[in-house]
Amino acid sequence: MPNITPSITIDGAALYGADIYHGDGDVQMHALAAAGLSYVWIKATQGRTYTDPAFATNWARAKSAGLMRGAYHFFDPAADPIVQANHLVNTVPLKKDDLVLALDVETDGLNIGARAHDCAAEIKRLTGRWPALYCSDSFYREHLQPYFPIGSHLLWIARYGEKPRTPCQFWQYSDAGRVPGVPHQLDTAVFFGDMAALKTHCI
């Protein structure tokens, strides 16, 4: 069991990870690896033009620490989805052993499902792989499920306190994870599978 708090018990294979952005401060990736985490999602971009100021540092440090790394984009429902996809892809220097990109969709807006899918489809066109979709359990069911059907897309679902109702590959189970050597609380998650399974979701 990784040395993180809180931790949860999963039936079957599971790998722990976290997601971070500049607001988490100076995250020491070696501390995450030493605590037994296997992967980290790193915020890269948001909207049409914003790039997280800590992205380049976090991206390089994750690789150095031996963590599987993935980059995500915070989707703006009011901005052009194609422009957003290109902004993400142009920002992230993907390598073949990196996780597929991820699309964080948690803000409602007009035609949010269709617009998020347009962004995801452009990411697939540019990278050859569909991005993972991050959202809350309820937001997925209320807004996104018709556009991202279960079984057709890699789902990273947030639900705190109990397992998601939505079948998913990644479950963000806490927004208050504590890792020795990391001063800030982190969003922590599990991947349902072993390392060989996680690697199938790499570029």
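For the reader, a short list of remarks on this structure follows.
- For the chain: relative contact order, % (alpha-carbon pairs under 8 angstrom, 6 or more apart): 24 percent
- Values (1) 41, 35, 29; (2) 46, 38, 34; (3) 46, 43, 40 are given for comparison; Cα extents along the principal axes in Å, derived from the coordinates here, is the one labelled (1).
- For R141, net neighbour charge (Lys/Arg +1, Asp/Glu -1) across residues whose Cβ lies under 14 Å away: -2
- Euclidean distance between Cα centres, segment 152-203 to segment 88-127, Å: 18 Å
- Helix 112-127 axis versus longest C-alpha principal axis of the chain: approximately 70°, rounded to the nearest ten.
- Computed over neighbours whose Cβ is under 15 Å from that of A60, the net charge equals +1, Lys and Arg +1, Asp and Glu -1.
- In nm, spacing of pseudo-spin labels at Q185 and H22 (7 Å Cα→C-beta vector): 2.3 nm
- Number of Lys-Lys pairs in segment 15-199 with C-alpha atoms under 28 Å apart and a separation of 8 or more places or on different chains: 16.
- Computed over segment 83-174: relative contact order in percent, which uses C-alpha pairs under 8 Å that are six or more apart: 24 percent
No value in this document is a laboratory result; all are computed from the given coordinates. Given the structure is predicted, the values throughout are model-derived calculations rather than measurements. Using ideal geometry, Cβ is built from the backbone for each residue, glycine included, and neighbour counts are taken over all protein chains shown.
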